[in-house]
1. Can you tell me which of (1) part of a helix (DSSP H, G or I); (2) touching a helix residue (DSSP H, G or I) at 6+ places or on another chain (Cβ under 8 Å); (3) acidic (Asp, Glu) is the one residue 215 doesn't meet?
2. Scan segment 201-242 for residues that are farther than 26 Å from residue 298 by Cβ and within 16 Å of the chain's Cα centre (by Cα) and jot them down.
3. Among the residues of segment 395-454, write down those that are charged (D, E, K, R), in contact with a strand residue (DSSP E or B) (Cβ under 7 Å, 6 or more places away or on another chain) and surrounded by 13 or more Cβ atoms within 10 Å (Cβ to Cβ).
4. In segment 82-131, what residues are among the charged types (D, E, K, R) and either outside the structural domain of residue 171 (by TED's automatic domain parsing) or over 21 Å from residue 43 (Cα atoms) (or both)?
5. What tally of residues in segment 222-258 results from selecting those that are under 14 Å from residue 171 (Cα atoms) and not aliphatic (A, V, I, L, M)?
Amino acid sequence: MKLLLTIATLMIFISGCSQNLKISENGRFIEKDNGKPFLWIGDTAWELFHKLDREESTDYLTTRAEQGFTLIQAVVLAENDGLKKTNSFGEVPFIDLDPTKPNEAYFKHVDFIVDKANELGMVVGILPTWGDKVFSMHPADGPIVFNKQNAVIYGEFLGKRYKNKVVVWILGGDRDVANNEVLDIWRAMARGLRKGDGGRHLITYHPRGGSSSSDFLHNETWLDFNMYQSGHGERFNKVYRYAETDYLKKPIKPSLDGEPAYEAISVKFWEYLDFKTVKKVPDTILNSKGIIKDTSYFKEGFFKAYDVRIHGYWNFLSGACGYTYGNNAVWQMFKKGGNIAIPCIADWRESLQHDGANQLRHLKTIFELYPISKLVPDQSIVYGINRNDENHIRAAKSTDGDWLLVYLSKGQKVSVVMSKVEAKNIIARWYNPRNGEFTPIGNFLNKGTKEFTPPTNGTDNDWLLVLEVKK
């Protein structure tokens, strides 16, 4: 039995390490080096390198791999005072806060996590730094340490170190580009990465909430694909607007939502927090372990699994090539009694099993059966008025006309233009995003328009309609 487990682990490792990523020939999606589409199902584990030890990081990565995640986003120079506060082994990333003097002991722990993720078949989206270490209009812990000269040296160091690992580079770190001088710093870091890894890995940029890298970097030659942050400001966020905008830009580049609304974070959290205090909220709101005990303080409530599903399906069906999940406790790796970035309803371990994270495996299933490499957004599939509110409907079809998908966020009735599937007869069925189960509807003559009514309707009753060629 031990031999079989060892062989199985080795096979996963080989599979994971063979999937270097590249841009597809048509520029619409990311694919593995064997030509198969790469389905980006990410997690924002921003503080992973900084906060967790090796046992904890192994537990985290193993759980996410089992849940179907394909990529982990983590920051080398973390947001929460990542230059001065030590990691779990008492190490800081640089000697004397100097980016040209990396601390080998710190980076050995980063190595361990990257290797473990690759072993489990996952890609690591490495942010070389959080954006507060470069000048921006939104300063934070920092300190600002980068300039054009040391950025290229640091980038080359990282590129060489992880040249043979399965990673993508994510510049930015929750900041837009403030001015031309800052742009030159990011260009220098990208140039260093390219020199160090020989151009083996893709590069993108993680912007501030409500924006896309395409807003200011689309024509940069080092930017391989776009990333937008739809953010944490509202339910039924119109994430499809970001995807639609990027989809139409020239030159064509893939695009994805790198930070949508986190599960278990309060809606518009910033309106309820005092960032000048340690706990961020009055003492009466938290228990002795620093966990929220009075959720009523956050008037607009918390994002839930329902929000995760809506934003996931709306993104993919609008042309995004990927979707990154997030959880409030997990991104900051919050431990009971520990430092609080944004107050949490549970610690990071408990939060790993929140419903939204577990239901992403069903999102993965559907876009493996109906791959993004064939998916084309097509709102003309929906017949009649389609409002841009909570009742919004998203639709897409395959390039070969074999299938179409229609997502109904509230289980609402929908009239479909049947001719979008190229066959005399079609098969219809419902897919339940909550449990991954299909329910047959029937076989139909493929002509005119037809109304479909999901099995249930209302809040938290989303459904995916699947129409495909009868074979």
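The values are calculated or read from the model by the stated rules, or taken from the named source; none is laboratory data. Keep in mind that what you see is a predicted model, and the values were worked out from it rather than measured. Cβ placement follows ideal geometry from the backbone for every residue including glycine, while neighbour counts extend to all protein chains displayed.
1. All conditions pass for residue 215, except number (2).
2. Of everything in segment 201-242, those that are farther than 26 Å from residue 298 by Cβ and within 16 Å of the chain's Cα centre (by Cα) turn out to be 202, 203, 204, 205, 212, 213, 225, 226, 227, 240.
3. 397, 402, 420, 429, 450
4. 84, 85, 91, 96, 98, 101, 104, 108
5. The qualifying residues number 7.
So that you can scan it fast, the table gives a plain yes or no per residue for (1) closer than 16 Å to residue 159 by Cα; (2) surrounded by 15 or more Cβ atoms within 10 Å (Cβ to Cβ):
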{"position": "75", "(1), (2)": "yes, yes"}
{"position": "95", "(1), (2)": "no, no"}
{"position": "119", "(1), (2)": "no, yes"}
{"position": "124", "(1), (2)": "yes, yes"}
{"position": "130", "(1), (2)": "no, yes"}
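Yes/no matrix, rows are residues, columns are (1) closer than 30 Å to residue 282 by Cβ; (2) in contact with a Gly (Cβ under 8 Å, 6 or more places away or on another chain):
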residue: 327; (1), (2): yes, yes
residue: 336; (1), (2): yes, yes
residue: 349; (1), (2): yes, no
residue: 410; (1), (2): no, yes
residue: 415; (1), (2): no, yes
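Each row is one residue, and each column tells you yes or no for (1) out of contact with any strand residue (DSSP E or B) (no Cβ under 9 Å at 6 or more places or on another chain); (2) without any contact (Cβ under 8 Å) to a residue 24 or more places away in the chain; (3) on the phi > 0 side of the Ramachandran plot; (4) β-branched (Val, Ile, Thr).
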{"position": "236", "(1), (2), (3), (4)": "yes, no, yes, no"}
{"position": "264", "(1), (2), (3), (4)": "no, no, yes, no"}
{"position": "268", "(1), (2), (3), (4)": "yes, no, yes, no"}
{"position": "275", "(1), (2), (3), (4)": "yes, yes, no, no"}
{"position": "300", "(1), (2), (3), (4)": "no, no, no, no"}
{"position": "303", "(1), (2), (3), (4)": "no, no, no, no"}
{"position": "317", "(1), (2), (3), (4)": "no, no, no, no"}
{"position": "320", "(1), (2), (3), (4)": "no, no, no, no"}
